[in-house]
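First the structure, in the form of structure tokens, and then the observations on it.
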Amino acid sequence: RCAGEYTFLDAMTEDLAGVIIAPLWHSGNIEALPSVLERLKDQDLPVLVAGNTARFENVPRMMRNLVLSGESDIAELNRAVSRTRRDEGTINATVETIASQYGALYLDRGAIVCPEEMCELTTDYGVYALYDTGHWTLDGARRFAPRIYNSAAMRQFLTEASGDTSEVRKLADLKREE
């Protein structure tokens with residue numbers, strides 16, 4: 001969207017503790033990011049900008065084909081699908097640079113799914129963590145959420161937004177119990 005269309009920014013009130021921006025980035029919305037961050041800067045709120053998550057070929061179809069071919073080792077399945085990871089490096093580097101220029105925090109969602117060279121596309125018990133090219137399943141969200149919560153960028157954002165991480169931890173514990 002055109003940056004001028006982000007009129008919701010004008011409607012912000014002091015009730016907001018912070019803003020997280022996490023779309024699927026592409027050239028069209030990256031172009032609008034500087035003006036959005038400039039307008040948010042005036043609100044004096046902590047802002048966290050998340051880069052694109054790791055994206056792959058159709059994970060369930062690939063996993064099914066690998067299993068049908070006789071592959072059953074979870075680590076080998078993850079390695080095979082990891083090789084289909086799309087390169088989001090240039091896009092994420094651009095988003096990170098813009099976020100930094102405007103004093104926003106940056107979260108590398110790709111590193112959440114792929115903390116090393118091998119990406120984690122299944123849970124420890126072999127259930128898909130992604131249901132398509134990059135959207136997380138519920139099991140995937142359960143696997144990756146603690147990594148997001150414990151990332152330096154998110155911890156800093158939550159501290160700035162709440163002023164007290166113990167309150168944030170209590171809320172996360174309550175949500176887990178539900």
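Structural remarks
- Neighbours by Cβ (under 8 Å, 6+ apart or cross-chain): first from segment 111-133, over 19 Å from Val67 (Cβ atoms); second open to solvent by 10 Å² or more (accessible area, probe 1.4 Å) and assigned to a helix (DSSP H, G or I): Ile112/Arg147; Ile112/Ile148; Cys114/Ser82; Pro115/Arg147; Glu117/Ser82
- For Arg147, the criteria (1) open to solvent by less than 60 Å² (accessible area, probe 1.4 Å); (2) in contact with a helix residue (DSSP H, G or I) (Cβ under 7 Å, 6 or more places away or on another chain); (3) basic (Lys, Arg) hold in every case but one, which is (1).
- Residue within segment 142-162 that is in a loop (DSSP other than H, G, I, E, B) and either at pLDDT below 90 or over 16 Å from Thr53 (Cβ atoms) (or both) present: no
Yes/no per residue for (1) open to solvent by 60 Å² or more (accessible area, probe 1.4 Å); (2) over 21 Å from the mean Cα position of the chain (by Cα):
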residue: Gly18; (1), (2): no, no
residue: Ile21; (1), (2): no, no
residue: Ser27; (1), (2): yes, no
residue: Ala32; (1), (2): no, no
residue: Arg39; (1), (2): yes, yes
residue: Val47; (1), (2): no, no
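- Considering segment 163-178, and only residues there that are modelled with pLDDT of 60 or more and in a loop (DSSP other than H, G, I, E, B), the residue that is farthest from Ala99 (Cα to Cα) turns out to be Asp164.
- Within segment 55-82, the set of residues being touching a helix residue (DSSP H, G or I) at 6+ places or on another chain (Cβ under 9 Å), β-branched (Val, Ile, Thr) and more than 30 Å from His26 (Cα to Cα) comprises just one member, Val67.
- With respect to (1) open to solvent by 60 Å² or more (accessible area, probe 1.4 Å); (2) at positive phi, the lone exception for Glu116 is condition (2).
- Members of segment 119-132 found to be open to solvent by 50 Å² or more (accessible area, probe 1.4 Å) and of a type in the set (Val, Ile, Thr), listed by number: Val127
- Any hit, segment 124-140, residues being at pLDDT 85 or above and among the aromatic types (Phe, Trp, Tyr): yes
- Selection status of Arg109, under 16 Å from Phe157 (Cβ atoms), surrounded by 15 or more Cβ atoms within 10 Å (Cβ to Cβ) and not small (Gly, Ala, Ser): yes
- Residue tally, condition surrounded by 17 or more Cβ atoms within 10 Å (Cβ to Cβ) and basic (Lys, Arg), over segment 60-101: 1
The values are calculated or read from the model by the stated rules, or taken from the named source; none is laboratory data. Please read all numbers here as calculations on a predicted model, not as lab measurements. Every residue, glycine as well, gets a Cβ built from its backbone with ideal geometry; the counts of neighbours run over all protein chains shown. Calculation scope for accessible area: heavy atoms of the full protein, side chains included, ligands and nucleic acids excluded. Shrake-Rupley method; radii C 1.70, N 1.55, O 1.52, S 1.80 Å.
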